[in-house]
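One structure is given here, and the rest of the page talks about it.
Every number in this text was worked out from the coordinates using simple rules, so none of it is lab data. Predicted, not measured: the structure shown is a model, and the values here were computed from it.
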Amino acid sequence: MVIVRLARGGSKKRPFYSINVCDSRCRRDGRFIERLGFYNPMASGQAVRLHVNAERLAFWQANGAQLSETVARLVKEAAKANA
């Protein structure tokens, strides 16, 4: 199954997450098919906190990709911010 989930990056106590499309059998930070955006929970000031390529996300969902709970919440937040 193909899933859209977060992959953790960044340094210790400074998380930075990539929103990736990957096979559900792969590790969290392992191999991925495509990177759709990022989430920076530590963003402050003018820094971008969340960026999602909505067009590619819609493509993957149309082809059967499932969103993780956290990614679904972030996509909903991004849609509300852009509306």
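Where only DSSP H runs of four or more residues are counted, the chain gives -8500 deg cm²/dmol as its mean residue ellipticity at 222 nm, each run worth -39500 (n - 2.57). Here the relative contact order of region 12-63, from alpha carbon pairs under 8 Å that lie six or more residues apart, stands at 31 percent.
In terms of overall dimensions, the chain has a Cα radius of gyration and Dmax of 12.6, 38 angstrom.
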